[in-house]
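Step one of this worksheet: look at the structure below.
The values are calculated or read from the model by the stated rules, or taken from the named source; none is laboratory data. Nothing here was measured: the structure is a model prediction, and the numbers come from that model. In this analysis, Cβ positions are derived from the backbone assuming ideal geometry, glycine residues included, and neighbour counts consider all displayed protein chains. The accessibility values were calculated without ligands, DNA or RNA, using every heavy atom of the protein model including side chains. Shrake-Rupley method; radii C 1.70, N 1.55, O 1.52, S 1.80 Å.
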Amino acid sequence: MKTALREDVAEKLTSLAKRRGFVFPSSEIYGGAGATWDFGPLGVELKRNVKDAWWRAMVQYRDDVVGLDGAILMHPRVWEASGHVENFIDPLVECRNCRHRFRVDDLPKGDELMDAWRSKRLDLSDTACPNCGERKLTDPRRFNLMFKTFVGPVEDEAAVAWLRPETAQAVYVNFENVQQATRRRLPFGIAQIGKAFRNEITPGNFIFRSREFEQMEMQYFCRPDDAPRLFEEWKAERMRWHRELGLPAERLRFREHAENERAHYAAAATDVEFEFPFGWKELEGIHNRTDYDLRRHTEYSGKKLEYFDDTTSERFVPYVVETAVGADRTTYAVMCAAYDEEPDKEGIRVVLRFRPQIAPYKVAVLPLSKNERLVPTAREVWAQLRPNFISTYDETQAIGRRYRRQDEIGTPLCVTIDFETLEDRQVTIRDRDSMAQIRVPIVELVPALTEKLRA
Ligand code: GAP
């Protein structure tokens with residue numbers, strides 16, 4: 001029986017994440033660095049598993065997608081060409097009374113206000129400040145979300161560089177390099193995982209919206225006529241992937257963007273939304289970016305970015321269907337979906353029901369007690385498992401409490417070494433979800449665990 005209310009889950013997860021070593025606030029001993037996070041020993045495993053699952057589905061299993069790992073610092077003209085210098089803007093208002101600042105879409109009736117802002121008829125004279133209630137909001141100021149820095153020792157306009165707000169641009173500027181190096185024919189995709197940075201005005205909801213995060217993006221180059229069909233195919237494929245990762249179907253949905261809310265580069269855009277504890281929110285964006293980016297880079301760099309079809313002798317600029325999902329946001333979604341509580345003898349059992357494929361630790365090795373006869377065998381078993389599984393070892397406190405500790409971090413299987421083990425060389429495998437236990441010989445342990453983790 002589930003006892004956790006969905007709304008409580010965000011708070012409980014934030015505390016569990018810190019206590020158990022999933023996620024820590026960055027620079028915490030200095031009071032935090034403002035919406036940046038450090039992934040601890042469990043978080044780094046979980047996020048890596050999410051990224052590996054994405055790479056397997058998007059690159060390894062496909063015959064039409066290759067990978068790239070582009071630099072974060074790029075030529076500043078890239079961001080002029082991409083439109084980010086001009087258009088990657090949030091409207092920001094300030095209350096003249098209490099000095100609080102807000103993004104227009106965070107004000108009450110934010111969606112309507114954003115529509116009005118986009119069509120240049122926004123009037124805030126009747127809008128109360130959500131903090132102090134006074135009707136003294138300023139006109140919106142255009143706030144560029146890109147972080148600016150300088151390359152080299154002189155901090156002048158010629159030395160400006162931007163921290164990339166999306167990974168996609170490294171793919172566009174390398175379109176010709178990749179196409180020629182791999183001799184790919186359309187349609188084909190280029191996938192990339194990497195850090196992105198946005199100076200978010202209102203970050204929050206734990207790792208949902210932060211200023212430094214990782215994206216997993218794929219740009220699929222195709223003939224212009226094929227883009228609408230491929231857009232639909234990628235929508236279906238990405239939804240399939242989220243479900244396979246363990247996100248329940250009833251907590252996932254598509255949301256089409258209206259024409260006036262689409263990013264400056266998109267002719268069509270659909271979000272995959274997930275029902276987080278704080279409501280339905282974007283998890284992934286799927287965009288038909290047309291030939292916008294390749295054309296703009298051609299215009300700004302003077303280098304033609306085209307495709308030559310030698311079967312039809314046509315030369316044209318390909319269209320791009322993009323899938324763009326946050327690694328941190330997906331990790332958080334997976335944690336929200338996995339969180340469960342159920343009553344038990346000792347009160348409440350907290351379980352993170354991760355799919356084994358993404359669980360941080362696959363196996364925990366637990367001697368029944370710290371007894372000096374048990375510990376060497378338990379350590380010997382752990383040594384056998386380590387080359388096969390990311391695993392952990394725990395010998396402190398009662399065995400029941402240690403099972404609970406593993407449940408709370410989502411370890412699918414525990415292996416227990418008891419006094420009988422010393423006689424019969426058998427150990428107990430205990431299943432996180434059913435709590436069922438079976439005995440297997442140590443010599444058969446690795447295949448038995450492998451099979452259970454695959455089930
Ligand atoms: N290249 C297209 C692009 O960047 P986006 O919808 O702005 O599209 C894609 O971002 C995904 O990146 C989002 O769906 C989200 O998962 C993630 N993301 C964006 N901003 C984020 C932030 N501030 N913190 C964490 N993840 C973020």
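For segment 89-143, the square roots of the Cα gyration tensor eigenvalues, ordered a ≥ b ≥ c, give a/c of at least 1.5 with a/b greater than b/c, which places it in the prolate category. Inter-label distance, ARG223 to GLU200: 4.1 nm, where each label sits 7 Å from its Cα along the C-beta direction. Charge dipole (Cα centre; +1 on Lys/Arg Cβ, -1 on Asp/Glu Cβ; no other charges) of the chain amounts to roughly 680 debye.
Each label was represented as a point 7 Å from its Cα along the Cα-to-Cβ direction; for ASP123 and ARG96 these points are 1.7 nm apart.
Shape class of segment 128-195 from the alpha-carbon gyration tensor: oblate, with a/c at 1.5 or above and b/c at least as large as a/b.
Within straight-line reach of LYS235, meaning a Cα separation under 15 Å, sit the following aspartates and glutamates at least 8 residues removed in sequence or on another chain: GLU217, ASP226, GLU244, GLU256, ASP271, GLU273, GLU282, GLU284, GLU322. Over what distance in Å are the Cα centres of segment 70-128 and segment 340-402 separated? Computed from Cα coordinates, the inter-centre distance equals 49 Å. Taking label positions 7 Å along the Cα-Cβ direction at both GLU372 and ARG386, the computed distance is 2.3 nm, reported to one decimal. Rounded to the nearest 10 degrees, the angle from helix 292-301 to the longest Cα principal axis of the chain is 60 degrees. Among the cysteines of the chain, CYS222, CYS336, CYS414 have no other cysteine beta carbon within less than 4.7 Å of their own. Beyond 32 Å in Cα-Cα separation lie the following of the pairs LYS345/LYS370; LYS51/LYS370; LYS12/LYS195; LYS47/LYS304; LYS47/LYS109: LYS51/LYS370; LYS47/LYS304; LYS47/LYS109. Note on segment 436-455 and segment 164-193: Cα centroid distance 43 Å, given to the nearest whole angstrom. Dipole orientation for the chain: of the candidates ASN288, THR411, ALA128, THR411 has the Cα lying most toward the positive pole (charges on Cβ; Lys, Arg +1; Asp, Glu -1).
For segment 325-393, the set of GluC sites (Glu not before Pro) satisfying both a DSSP loop assignment and a count of at most 11 other C-beta atoms within 10 Å is given as GLU346, GLU372. Ligands, DNA and RNA left out, the accessible area of the chain computed with a 1.4 Å probe is 47% carbon and sulfur.
For segment 79-214, the solvent-accessible area works out to 51 Å² per residue, with a probe of 1.4 Å and every protein chain left in place.
Against the main long axis of the alpha-carbon atoms of the chain, helix 41-55 sits at an angle near 60°. Segment ILE72..PHE316, full-extension length gain: 85.0 nm, with 0.36 nm per residue of separation and the alpha-carbon distance subtracted.
Helix 227-244 and the longest principal axis of the C-alpha atoms of the chain enclose an angle of approximately 20°. Computed per residue of the chain from DSSP H runs no shorter than four, each worth -39500 (n - 2.57), the mean residue ellipticity at 222 nm is -9000 deg cm²/dmol. Orientation-averaged projection of the chain equals 27.5 nm² [convex hull of Cα atoms, one quarter of hull surface area]. In terms of the Cα gyration tensor, with a ≥ b ≥ c the square roots of its eigenvalues, is segment 361-454 rounded because a/c is under 1.5, prolate because a/b exceeds b/c, or oblate? Verdict is rounded for segment 361-454.
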